[in-house]
Amino acid sequence: MIYKRSSALFAAAQKVLPGGVNSPVRAFNAVGGNPIFVERAEGPYLYDEDGNRFIDYINSWGPMILGHAYAPVVNAVKERAEKGTSFGTPTALETEIANLAVSMVPNIDKIRFVNSGTEACMSAVRLARGYTQKDKIIKFAGCYHGHSDSFLIQAGSGAVTFGTPNSPGVTKGTAKDTLLATYNDIDSVQNLFDENEDEIACIILEPVAGNMGCIPPSAGFLEQLRELCDNHKALLVFDEVMTGFRLAKGGAQELYGVNADIVTFGKVIGGGLPVGAFAARNEIMDHLAPEGPVYQAGTLSGNPLAMAAGLAMLKELENDEVYASLKKKTAYLHEGMEEKLKAAKVTHTINRVGSMISVHFSETPVTDFESAALGNNETFKKFFHGMLNEGIYLAPSAFETWFLTDALSYDDLDETIAACERVAKTL
Ligand code: KE4
C-alpha cells in the first residue's frame, strides 16, 4: 500500500490541528505510523487519498451500520439541506424522530437530542444528580462515556475509593464525586454503596463495554446492578452510545431484558451526522428544563439536517431483520479468524456481542479493564498494520471494538479471513 498523499496531508494537518486530528484516537498513536486520510466511502469500503480501498471495520466508530453513503440517508440529507440547515426553532422533524425512537426503545417516554455522545452522557449524569439530589456517581474502569470532566477519572490509589483525574484540567473537586468500580465485579459496586451510603446518584456503564475492546456483561451482572440501584435509590444509566440501535432495535435493554432508568445514545441514532440523545420515563425527564429545574441546552440540538439523517436511519432499522444478518456475519468472521489464528498458533481470545467484536492477543479471558490490559500490544500493532496493508481497516487500538456494517458481503468477510491467515503467519 502507498500512503504518500495521506502522509503529506497528515504533516500539513499537524501544523494547524493539535496532533493533526480532531479526535485523538484517529492519530494512530496507539499503533504507530501515520493515519490514512479518507477521500470517500461507499458501502463497506473506504477509499483513501492514495486511491487505496479498505474494507472498513470501524464504520465511523459505529454509526455506519448500513454502510457508507447509504442512499436513504444521503437523499434525506440532500432534500433537507435545500430547505435550510438550522433554524434554532422547534421543527416537526424532531417530534417525528423522537416518537420513532421512543417506539423502538423499551422503558422510555421522552428523549432529548444533543450533538454528541459526550453531551448525552454528561447531561444524563446531571439529570440523575438533579433527580436524586445526590452528588456521587459510580463508573467502571475502562468504560468511556465521552470527555466530560466527571468521566475522565482513573482508579484512585488503593487507599481511596474515589477516583483521581486522568487528565490535566479535571479538578480534584470533580474527581471526588466519581467512584471507580471494576466491570463485571458486583462486589466492587456493593462496597462503594456501603462506603458512600445515600450519596450515590447513579451508576453509569456501557451495558456491553466497547472501550476496552468488546466486553460482554457477565451473566446476571446487569440484573444485580438493577437490584443495587433499586435498593439504594440510585439511578441506573445505560450508556448505549455504541450499543443503541446496534445490538437490537431496542439496544442492550432489549437484548438483556434489563431496564435502565436513563439511556444515552449517539453514533447510529444520527446516521453519521452529529447526534446524541438521552431518554427516560416521564417522571425523570420532566425534571429537565424548560419543564423542570435541571438545565441543559444546545444551539444545534435537534438540528434539522442531523434529524433528517437520523430519522432516515432509524426508519431503516425499524424492520429489525438487519440484526440477525449482522449477528450471522459477525459470527462468520469470528469463526474464520479464530481458525486462522489458531492454525498459526497465535495466542489470542476473541470477544463478540452482536455486530461488536474485538481480538485480544492474550491467553486469559478478557472480562474487565485489567485483563484487557494484559493483551500483547506489540502483537496487536503488528496485526493492525498487517491487516491495513492487506486492505482491511481495523480500529487503531487494542482498547476499541470493531463495528460491522450489514453492507459487508460474505466475499468481503472471506477476503478479511484470508488476510487474517496471511498476517497471522507474520505474528
Ligand atoms: P462522542 O462524544 O465521541 O460522540 O461519544 C462519546 C462516547 C460515549 N459513550 C461511549 C460508550 C462511547 O464509545 C463514546 C465514544 N466512542 C469513541 C470510540 N471509543 C469515539 C471515537 C473517538 O473518540 O474519536
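Is at least one residue of region 115-128 open to solvent by 20 Å² or more (accessible area, probe 1.4 Å) and away from the ligand (no atom under 16 Å from the Cβ)?
For region 115-128, residues open to solvent by 20 Å² or more (accessible area, probe 1.4 Å) and away from the ligand (no atom under 16 Å from the Cβ): absent.
Can you find a residue that is open to solvent by less than 20 Å² (accessible area, probe 1.4 Å), of a type in the set (A, V, I, L, M) and over 21 Å from the mean Cα position of the chain (by Cα) anywhere in region 330-345?
Yes: one or more hits.
Filter region 65-75 down to the residues that are touching a Lys or Arg at 6+ places or on another chain (Cβ under 9 Å) and buried (at least 20 other Cβ atoms within 10 Å of the Cβ) and list them by number.
Scanning region 65-75 gives 65, 68.
For region 408-427, which residues satisfy the criterion of being aliphatic (A, V, I, L, M), open to solvent by less than 10 Å² (accessible area, probe 1.4 Å) and either within 16 Å of the ligand (Cβ to nearest atom) or over 13 Å from residue 380 (Cα atoms) (or both)?
408, 413, 419
Could you say which residue among 364, 405 is within 18 Å of residue 333 (Cβ to Cβ) and either within 16 Å of the ligand (Cβ to nearest atom) or assigned to a loop (DSSP other than H, G, I, E, B) (or both)?
Exactly one of 364, 405 is within 18 Å of residue 333 (Cβ to Cβ) and either within 16 Å of the ligand (Cβ to nearest atom) or assigned to a loop (DSSP other than H, G, I, E, B) (or both), namely 405.
Tell me which residues, restricted to region 24-53, are outside any strand (DSSP E or B) and not hydrophobic (A, V, I, L, M, F, W, C).
Once the filter is applied, which keeps residues that are outside any strand (DSSP E or B) and not hydrophobic (A, V, I, L, M, F, W, C), region 24-53 yields 24, 26, 29, 32, 33, 34, 35, 44, 49, 50, 51, 52.
In region 98-122, how many residues are under 20 Å from residue 299 (Cα atoms) and assigned to a helix (DSSP H, G or I)?
Going through region 98-122 one residue at a time, the tally reaches 7.
Check 260, 297, 306 and return the single one that is open to solvent by 10 Å² or more (accessible area, probe 1.4 Å) and at pLDDT 95 or above.
297
What helices (runs of 4 or more DSSP H) completely inside region 181-261 contain at least 2 residues that are within 16 Å of the ligand (Cβ to nearest atom), among the hydrophobic types (A, V, I, L, M, F, W, C) and within 27 Å of residue 326 (Cα to Cα)?
Counting at least 2 such residues, we get 251-256.
Could you list all residues from region 378-388 that are without any contact (Cβ under 8 Å) to a residue 60 or more places away in the chain and open to solvent by 10 Å² or more (accessible area, probe 1.4 Å)?
378, 379, 382, 386
Go through (1) assigned by TED's automatic domain parsing to the domain that holds residue 411; (2) of a type outside the set (A, V, I, L, M, F, W, C); (3) surrounded by fewer than 20 Cβ atoms within 10 Å (Cβ to Cβ) one by one and return the number of the condition residue 57 breaks.
Exception for residue 57: condition (3).
With surrounded by fewer than 16 Cβ atoms within 10 Å (Cβ to Cβ), more than 17 Å from residue 268 (Cα to Cα) and of a type in the set (A, V, I, L, M, F, W, C) as the only criterion, which of 93, 17, 46 stands out?
Result: 17 is the single residue among 93, 17, 46 that is surrounded by fewer than 16 Cβ atoms within 10 Å (Cβ to Cβ), more than 17 Å from residue 268 (Cα to Cα) and of a type in the set (A, V, I, L, M, F, W, C).
With the checklist (1) over 30 Å from residue 126 (Cα atoms); (2) without any contact (Cβ under 8 Å) to a residue 12 or more places away in the chain; (3) open to solvent by less than 20 Å² (accessible area, probe 1.4 Å) in hand, flag the one item residue 360 doesn't pass.
Status for residue 360: all satisfied but (2).
Hey, among the residues in region 263-287 that are small (Gly, Ala, Ser) and within 15 Å of the ligand (Cβ to nearest atom), which one's most open to solvent (accessible area, probe 1.4 Å)?
Filtering first and then ranking leaves 272.
If only one of 302, 336, 310 is touching a residue at least 12 places away in the same chain (Cβ under 8 Å), of a type in the set (Gly, Ala, Ser) and part of a loop (DSSP other than H, G, I, E, B), which one is it?
302
Can you tell me which of 235, 228, 205, 180 is out of contact with any Lys or Arg (no Cβ under 6 Å at 6 or more places or on another chain), outside the structural domain of residue 353 (by TED's automatic domain parsing) and surrounded by fewer than 21 Cβ atoms within 10 Å (Cβ to Cβ)?
After applying the criteria, what remains is 228.
For region 89-97, does any single residue satisfy the condition of being among the β-branched types (Val, Ile, Thr), assigned by TED's automatic domain parsing to the domain that holds residue 301 and assigned to a loop (DSSP other than H, G, I, E, B)?
Looking for residues that are among the β-branched types (Val, Ile, Thr), assigned by TED's automatic domain parsing to the domain that holds residue 301 and assigned to a loop (DSSP other than H, G, I, E, B), one finds at least one in region 89-97, hence yes.
The values are calculated or read from the model by the stated rules, or taken from the named source; none is laboratory data. All values derive from a computational prediction rather than experimental measurement. Here Cβ is always computed from backbone atoms with ideal geometry, including for glycine, and neighbour counts include all displayed protein chains. Only protein heavy atoms, including side chains, enter the accessible area calculation; ligands, DNA and RNA are left aside. Shrake-Rupley method; radii C 1.70, N 1.55, O 1.52, S 1.80 Å.
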